[in-house]
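Scroll down for the structure; my scribbles are underneath it.
The values are calculated or read from the model by the stated rules, or taken from the named source; none is laboratory data. What you are looking at is a predicted structure, and each value in this text was computed from that prediction instead of being measured. For neighbour counting, all protein chains shown are included, and Cβ atoms are generated from backbone atoms with ideal geometry for every residue, glycine included. Just the protein is used for accessible areas: all its heavy atoms, side chains included, with ligands, DNA and RNA removed. Shrake-Rupley method; radii C 1.70, N 1.55, O 1.52, S 1.80 Å.
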Amino acid sequence: MFISYMNQALAEARAAATRGEVPVGAVIVAPGGAVLAAAGNRTRELHDPTAHAEMLAIRAACAAAGSERLGGHDLYVTLEPCAMCAAAIAAARIARLYYGASDPKSGGVAHGARVFSHPQAHHAPEIYDGIGASETERLLKAFFGARRA
């Protein structure tokens, strides 16, 4: 039975927005369904351009698992991962990637670098897109709309 954890990723994205961060959230689920890590963007807070939700969640999940590999794990993220995050997903050997909105500007999965399609990619997860896309898009548009106003 499939259970989506996108609502939890969306909650992390909303929390990121309240911190003034770009609203992206990520959740890593271990085989069996236990949430191993959840994070939202913290690039501004941590003064770290690599503190994307996916990167923070991968780091926390690896620490919790006691391994640099997350084989069999699922990653739910509200926005298509960028090339940096996609490379980390491949390096961590995450089994399945579920993401919400596409990111034609900065995405690295279906757009841009298309990291998993390169022969140099160490691993390519199963990819499921469009999960929670409309909610993610609304959240992002509201966030950036408020910044431009």
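Annotations for the structure displayed:
- Mean Cα-pair separation over length for the chain, i.e. relative contact order, pairs under 8 Å, 6 or more apart, %: 19
- Considering only Gly112, Gly145, Leu46, the residue lying farthest towards the positive end of the dipole of the chain is Gly145, judged by Cα position with unit charges set on Cβ.
- Among Ala39, Ala53, Ala90, the residue with the largest mean-square fluctuation in a Gaussian network model of the chain, with springs joining Cα atoms closer than 10 Å, is Ala90.
- Helix 83-92 and the longest principal axis of the C-alpha atoms of the chain enclose an angle of approximately 30°.
- The distance from the alpha carbon centre of the stretch 113-149 to that of the stretch 26-103 is 13 Å, rounded to a whole number.
- Net charge dipole size for the chain [Lys, Arg +1 and Asp, Glu -1 on Cβ; Debye, nearest 20]: 300
- With the simple spin-label model, which puts each label point 7 Å out from Cα in the Cβ direction, the Glu45 to His123 separation comes to 2.7 nm.
- Gyration tensor verdict on the stretch 67-135 (Cα atoms; rounded if a/c is under 1.5, prolate if a/b is larger than b/c, oblate otherwise): oblate
- Shape of the stretch 1-89, Cα gyration tensor, a/c cut at 1.5: oblate
- Square roots of five times the Cα gyration tensor eigenvalues for the stretch 64-105, Å: 20, 11, 7
- Within a Gaussian network of the chain (alpha carbon springs, distance under 10 Å), most fluctuating of Pro31, Pro125, Pro49: Pro49
- Accessible-area composition of the stretch 1-127, carbon plus sulfur, in percent [1.4 Å probe]: 56
- Kirkwood radius for the stretch 9-51, taken over all pairs of different Cα atoms as the inverse mean of 1/r, rounds to 10.6 Å.
- For chymotrypsin sites (Phe, Trp or Tyr not before Pro), the sites in the stretch 1-85 that DSSP calls loop and that have at most 11 other Cβ atoms within 10 Å are Phe2.
- Between helix 133-148 and the chain: long-axis angle, C-alpha atoms, 0 to 90°, nearest 10: 40
- Here the Gaussian network model covers the chain, with springs between Cα atoms less than 10 Å apart; of Gly20, Gly66, Gly112, Gly66 fluctuates the most.
- Averaged over its residues, the chain has an accessible area of 48 Å² per residue, based on protein heavy atoms and a 1.4 Å probe.
- Viscosity 1.002 mPa s, 20 °C: Kirkwood-radius Stokes-Einstein D of the chain over Cα pairs, µm²/s: 143
- Per-residue ellipticity at 222 nm computed for the chain from its helices equals -11500 deg cm²/dmol, with DSSP H segments shorter than 4 residues left out and the rest contributing -39,500 (n - 2.57).
- For the chain, the longest principal axis of the alpha carbon atoms and the long axis of helix 6-18 meet at an angle near 40°.
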